[in-house]
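Written out below as structure tokens is the structure these notes cover.
Every number here is computed from the coordinates shown, using simple stated rules; none is lab data. This one's a predicted model, so the numbers in the text were calculated from it and none came from an experiment. Here Cβ is always computed from backbone atoms with ideal geometry, including for glycine, and neighbour counts include all displayed protein chains.
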Amino acid sequence: MKLSTRARYGARMMFELALHYGEGFCLLKNIARDEDLPEQYLTQVVIPLRTRGLVVSERGMKGGYMLAKPPNEITSP
């Protein structure tokens with residue numbers, strides 16, 4: 001199966017958020033650094049993830065992104 005770049009980056013982002021689940025919100029720049037992905041592209045990838053309720057976001061100093069529910073409860077549609 002061939003995945004688009006957007007799908008691959010989204011999966012890598014979800015994996016990184018799952019690794020840090022329970023530690024609070026993760027900044028996109030940290031995810032981009034850890035996964036060696038372009039931060040600007042991640043800003044576009046996170047929008048559909050947030051719209052579908054897989055990711056929640058928080059603004060401000062302690063803000064960022066995290067999974068909306070525990071990693072073991074996230075399944076493919």
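Using the crude model of +1 on Lys and Arg Cβ and -1 on Asp and Glu Cβ, and no other charge, please compute the dipole size for the chain relative to its Cα centre, in debye to 20.
Values: 11 positive and 8 negative charges, 58 e Å.
The calculation lands at about 280 debye.
Which of the aspartates and glutamates could a cross-linker span from residue 29 if the Cα-Cα distance has to be under 18 Å and same-chain partners fewer than 8 positions apart are dropped?
16, 39, 58
Sorting 2, 29, 62 on the 10 Å Cβ count, fewest up front, what's the list? All intermediate terms of the calculation are to be shown ahead of the outcome.
Working: 2 5, 29 11, 62 8.
Lowest to highest Cβ neighbour count: 2, 62, 29.
Once Lys and Arg get +1 and Asp and Glu get -1 on their Cβ, which of 14, 66, 43 lies farthest toward the positive end of the dipole of the chain?
It is 43.
Just to check, using Stokes-Einstein with a Kirkwood Rh over alpha carbon pairs, what's the diffusion coefficient of the chain at 4 °C and 1.567 mPa s in µm²/s?
It diffuses with D of about 103 µm²/s by this estimate.
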